[in-house]
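Presented below is the structure to which this report refers.
Taken together, the values in this text are just the output of simple stated rules run on the coordinates, not laboratory data. Everything numeric in this text was worked out from a predicted model, so none of it was measured. So basically every Cβ, Gly included, is an ideal-geometry build from the backbone, and we count neighbours across all protein chains shown.
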Amino acid sequence: MVVSAVLIVIIFMLPKGVVENDDPLTSTEVKPADSIAQKVDVHASAPKQVVENIAHLRTQIETGTDKEKNAIFADSLANLYLIAGKFDSAAWFAEEASKFFNTTESWIKAGDNYYQAFTFATDQAKQTRLAGKAQEIYKQVLDKNPKDLDVKTKLAMTYISSPNPMQGIMLLREVIAADPKNELALFNMGMLSIQSGQHDKAVERLEELVKVNPNHTQGQLLLGIALMNTGDKKRAKEQFEKVKQLDKDPSVQATVDSYLKDLK
């Protein structure tokens, strides 16, 4: 799993809060998908071929009348918008496709796209809207399959910045109670513990995570941060060095080096 500096930004952008007893709080956000009638607007860094394919498929879907073909086009557009970094648009088209296919897999894809858009949004109103869309779809999935713990974990994270953040914490507790080795739940609880200043608790959660999956690079990195925040510089340094061995991505190396520098 590749780590990027975005992970660190997300951690420290989360509003701080202390939860009663021993569990943490965090925040998330939402961004509305663009209308099908809007012009193609992708990040400048998107490959030219991706931009051209988006333009072509949008023309096809806007002029086509065959519902199945349009659903296929919408699904393809969702994938292309993900590549382009337009997560809200990806979510909108994924939802359109799922309305036709109506499978558990298609709805999870739509929910995940809204969740990703929510995660990267920076405007509070957009965060709230996208979180609401993700919640709506995830609840629909869980109504049919209450045992999908990853969906339940992501649903929990959409509640953290809501007026009732404890609803999210309670859902995360339920997931870990049902599956103490659930990687996604352990990771998020560790991240939230760091944000709320409960660093010993974060170490506990993240140590359990890396026992379950030693190659979980993000978890290994967060464990290093948690150890550093407890004042255990020796273990933190060892942990960061381990991350450097796990992932040679330049952004990961730069992020870890910045923490190692702080430990000197």
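The table below lists the values:
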item: For segment 53-68 versus segment 158-232, the gap between their alpha-carbon centres in whole angstrom; result: 42
item: Directionally averaged shadow of segment 30-159, computed from the convex hull of its alpha-carbon atoms, nm²; result: 7.7
item: Neighbour-count order for Met189, Met157, Met228, fewest beta carbons within 10 angstrom listed first; result: Met228, Met157, Met189
item: Gyration tensor (alpha-carbon) shape descriptor, segment 127-213, a/c threshold 1.5; result: oblate
item: Burial ordering of Ser98, Ser76, fewest other beta-carbon atoms within 10 Å first; result: Ser76, Ser98
item: Sorted by Cβ density within 10 Å, fewest first, the residues Lys237, Lys48; result: Lys48, Lys237
item: Proximal charge balance of Ser98 [Cβ under 10 Å; K/R count +1, D/E count -1]; result: -2
item: Difference of contour (0.36 nm per residue) and Cα-Cα distance, Asp148 to Arg235; result: 27.8 nm
item: Of Lys109/Lys154; Lys154/Lys201; Lys126/Lys181; Lys211/Lys233, pairs whose Cα-Cα distance is over 24 Å; result: Lys126/Lys181
item: In sequence order, calculated HN-Hα J values of segment 137-146 (Karplus, 6.51, -1.76, 1.60; Hz; x Gly/Pro); result: 6, 4, 4, 4, 5, 5, 4, 8, 9, x
item: Table column - 3J(HN,Hα) (Hz), segment 193-199, Karplus curve with 6.51, -1.76, 1.60, x for Gly and Pro; result: 5, 4, 5, 8, x, 8, 6
